[in-house]
Amino acid sequence: MKNKILILLILITSFSFAQKTQKAKENAVYGKAKFYVLKSDGITKHGEYKITSYTLPFRNMVLGNYVNGKREGLWTEKYDQSGNQVKIQGNYKSDENVGKWKYYDSKGKLIQEFDFDKNEFVSNSECGTDKDFEIEVNGVLETKKLNCPPTRIGGLNIFIKDLYREITKKSPFEVNSSGRTTININEILSFFISKEGNIENIEYSGKEKNKELSKVINDFLKENNKNWVSGILNKEKVNAKISIPIKIRMMY
């Protein structure tokens, strides 16, 4: 009898959940986002969320779940080039990253594994390079080889690709006599990652000649000021500089 009551409650709960939500969709970076929202307001995401590629064979690029507007449970993002290779995978709890998250390159190699519960890397392929970094020690700038460079969780290359995408999408560019847009940028963006993991001392070499583009870059940095990890020298966190060449030359 108890089992019958339990089954009945599950069926009633499932039916109630279905009644409380409605399908919705919107355009996303890699494709069409399809999800459910609460009928009560028509806005709050609640239920399965997925982004399906715009083109055939319509692969799922992002798959996860929302509960009352917050990401919950396992989320997976794939690379748009193939739609098969996992890019990022991990769990959310009330919209916060929890547990171990894994980040891969487009060939399937593990770039990083980060434990959000312990706030530390399990593995990081960016460590152990011979590259010199400018660091600030007691107000004095020095050049050192670091045990681990300053980076962003998920890998610096992914951050740079997202930055390039933002620049080409939002920046105003010249339109030639044929009506084609021309992009020709060769600049340097640099900033320090503090011991606390914050972006500081932003410098962009093209800020005077292209103030609108400079604003796009600064806005992007403000929106992506989380999940940075400071450089490590002899097991100590240091203020270290990241320099990113911004070279984009294209016409469309």
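The values are calculated or read from the model by the stated rules, or taken from the named source; none is laboratory data. Since we're looking at a predicted model, the values are computed, not measured. Every residue, glycine among them, receives a Cβ derived from its backbone with ideal geometry; neighbour counts consider all protein chains shown.
Couple of notes before you dig in:
- Of the strands (runs of 3 or more DSSP E) lying entirely inside the range 134-252, those containing at least 2 residues that are closer than 24 Å to residue 103 by Cβ and out of contact with any Phe, Trp or Tyr (no Cβ under 7 Å at 6 or more places or on another chain) are 181-193, 231-233, 236-251.
- Residue match in the range 174-189 (condition: more than 17 Å from residue 249 (Cβ to Cβ) and either of a type in the set (Lys, Arg) or modelled with pLDDT of 95 or more (or both)): no
- The one condition from (1) among the hydrophobic types (A, V, I, L, M, F, W, C); (2) in a strand (DSSP E or B); (3) farther than 30 Å from residue 36 by Cα that residue 127 does not meet is (2).
- Inclusion of residue 134 among residues that are within 19 Å of residue 75 (Cα to Cα) and touching a Lys or Arg at 6+ places or on another chain (Cβ under 6 Å) is not warranted.
- Residue 134 closer than 20 Å to residue 236 by Cα, touching a strand residue (DSSP E or B) at 6+ places or on another chain (Cβ under 7 Å) and modelled with pLDDT under 95: no
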